[in-house]
Amino acid sequence: AESAPSPTGVAPADAPITTDAGTLATDPAAASAGSGNTAVETSAPAAPAAVPEATTSTPAAAGANALRLNFVSISWARIEDADRKVLLNRVVQAGERQVLDGNPPYSVFLGNAPGVEVEYQGKAVDFKDKIRDTATARFTVPLSP
C-alpha cells in the first residue's frame with residue numbers, strides 16, 4: 001500500500017516511509033540507506049542509539065561492601081553477588097569506573113585482568129596470583145585465604 005508521490009516527488013507527511021523493496025522503514029536513516037528510491041527523504045539526522053546505563057552508583061551512595069573497579073585498559077567483566085545477581089556483564093572501556101553494590105561475596109571474572117584495579121572496603125584487592133596465561137582471572141571478593 002505505497003502512496004503515490006505528490007507532484008513535488010515527496011509523499012504526504014502522513015504516508016508511510018517505504019524502501020524500494022516496499023517494506024516499511026522505521027528509521028529515516030535506514031530508508032535512505034537503500035538504493036535511493038525512497039518515497040520520502042529527510043534532512044534531520046537520525047537520533048543516536050540509546051546506550052544502556054551501567055549498574056553503577058555514586059561513591060557516596062555505595063555501601064561499605066561496594067566493589068569498586070577502575071578500568072585502566074579495555075576489559076571484559078562479569079560480576080555477580082552472593083544472590084547470583086549479575087551486577088556487571090559487558091566490555092568496559094579504558095577510563096571507566098564502576099561502583100557495584102550487592103551482597104558479598106562477589107564472583108569476579110575479568111578479561112584483560114591486568115588492566116583492571118579492584119577495591120573492596122577501601123582496600124586494593126591483590127588478585128595478581130589469579131591471573132592466567134590468557135590474561136583472564138576468576139576470583140571471589142573478599143578473597144579466600
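The values are calculated or read from the model by the stated rules, or taken from the named source; none is laboratory data. Predicted model only: the values in this text are computed from it and were never measured. In this analysis, Cβ positions are derived from the backbone assuming ideal geometry, glycine residues included, and neighbour counts consider all displayed protein chains. The accessibility values were calculated without ligands, DNA or RNA, using every heavy atom of the protein model including side chains. Shrake-Rupley method; radii C 1.70, N 1.55, O 1.52, S 1.80 Å.
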Top-ranked residue of the stretch 102-145 - restricted to ones that are in a strand (DSSP E or B) and free of Cβ contacts under 8 Å to residues at least 24 places away in the same chain, ranked as surrounded by the most Cβ atoms within 10 Å (Cβ to Cβ): ILE131
Subset of the stretch 65-101 (residues that are open to solvent by less than 70 Å² (accessible area, probe 1.4 Å) and polar (S, T, N, Q)): ASN65, ASN70, SER73, SER75, GLN98
